[in-house]
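The values are calculated or read from the model by the stated rules, or taken from the named source; none is laboratory data. Only a predicted model underlies this, so the values are computations on that prediction, with no experimental measurement involved. With ideal geometry, Cβ positions are generated from the backbone for all residues, glycine too; neighbour counts draw on all protein chains shown. These accessible areas exclude ligands, DNA and RNA; they are computed on the full protein's heavy atoms, side chains included. Shrake-Rupley method; radii C 1.70, N 1.55, O 1.52, S 1.80 Å.
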Amino acid sequence: MKRLMPGLAGVIACAVTGCGPLPNPGARQVPDLRPPSLESVQSIAVAEVELSFDEEAELVPEAVRVQPDLAVTRLPPAGTRVVLGVKEQEPGRRYTLEASARDGRGNTTVFAADFYGYNPRVPALLLNEFTPRGSTSHPDVVELRVLAAGDMGGVVFTIGAPQDCDARYVFPSFPVGAGDYILLHFTDEVQDGEVDEFLDRTASRGPGASDAAFDFWIRGTKGLPGNNGILALARRPGGAVMDAVLYSNRTSASDGEYRGFGSARMLARAEAITALGAWKASGARIAPEDAVNPEGSTSTRSLCRSSASQDTDAREDWHIVPTRRSSFGSVNSDELYVSGK
Ligand SMILES: [Ca+2]
Ligand SMILES: [Ca+2]
Ligand SMILES: [Ca+2]
């Protein structure tokens, strides 16, 4: 997420020279009055932050600052992609870089842009169980299973695709081990004991909290879509997708305009996670029939992977468990819900 402020020369009309492949002797030389524009900022190593500009630019030494306080150890030479040296970042912490950059003619831009602290130890994680049809007493929950140890700092959970979502949660830094569970509870009703757990997984006493899992309480969302949605995990904001699940109770015949997905946005998101390799289409194009069907699930009949957490990026990995066989914070049940029983 970057926040850019207009540069000092930002209001001057653009005049770009030298773009054409052929010289034009009749053209009048127009001086470059346009300041460099920041295109991206991201951490690329524990002590390095990369900036890219639309033209060669140099950071103004006295104007570079990182908040919360992170010392700058090395200023890069001019370039379109430059690497700033900083002290070691905290994994997943949000920092703001405030700086000025100037081009070779002295046109200067001032900007402030956010980046997240580099995490060299992202754990291997799976979306393992969820209930999109929670109730007031049992709000929507998502269970993550840790397959290989690491640090959660900066890992992103999204309702929607990683780059186009309705809500996202960026995890703080805390260590997890293989076999650990993390629960995300989607509730706006704050109750006693709803504390986020980073170290003591028995600290939270909120409804549905598990003493075996790290519980987190997510506010300000409408919960998970009940019928038609996507959940995803990414390694960091803007980073590669680690896992996703597409669920829908619709069919290709449910509408004529969006291949059955109900909206242009849902179709685009389904196509996005398929293109990212996080979900499989059985035909040439992704269809609602490729999704996990949440029909029959309730707050205690959750959608689960197998007890072994099989992951082939397909609907066959998922099943609905019988009433009260949800297992948030522990290994999944392989029992199947049978409609009418
Ligand atoms: Ca807990
Ligand atoms: Ca997967
Ligand atoms: Ca479980």
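Overview of values
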read-out	value
Total formal charge among the other residues, if their Cβ is under 10 angstrom from that of residue 248, Lys/Arg +1 and Asp/Glu -1	-1
Convex hull (Cα only) mean projected area of region 257-302, reported in nm² to one decimal	3.9
Options 107, 67, 78, ranked by Cα towards positive dipole end of region 30-116, top entry (Cβ charges)	67
Point-charge dipole on Cβ atoms (K/R +1, D/E -1) for the chain, about Cα centre, debye to 20	480
Computed [θ] at 222 nm, helices only, for the chain once each DSSP H run of length n ≥ 4 contributes -39500 (n - 2.57)	-1000 deg cm²/dmol
Whole-percent carbon and sulfur share, accessible surface of the chain, 1.4 Å	50
In degrees, nearest ten, helix 264-275 long axis to first principal axis of the chain (Cα)	90
About the Cα centre, charge dipole magnitude for region 73-191 (Lys/Arg +1, Asp/Glu -1 at Cβ), debye	700
Accessible solvent surface per residue of the chain, calculated while the other protein chains remain in place, 1.4 angstrom probe, Å²	48
q = 0.06, 0.08, 0.09 Å⁻¹: log10 I(q)/I(0) that the Debye formula gives for the chain, counting C-alpha atoms only	-0.29, -0.49, -0.60
Cα-based Rg and Dmax for region 65-126, where Dmax is the largest Cα-Cα distance (Å)	14.2, 51
Scattering profile of region 106-219 at q = 0.09, 0.18 Å⁻¹ [log10 I(q)/I(0), Debye over alpha-carbon scatterers]	-0.28, -0.95
Ranked by how many other beta carbons lie within 10 Å on average, peptides 271-281, 183-193 from highest	271-281, 183-193
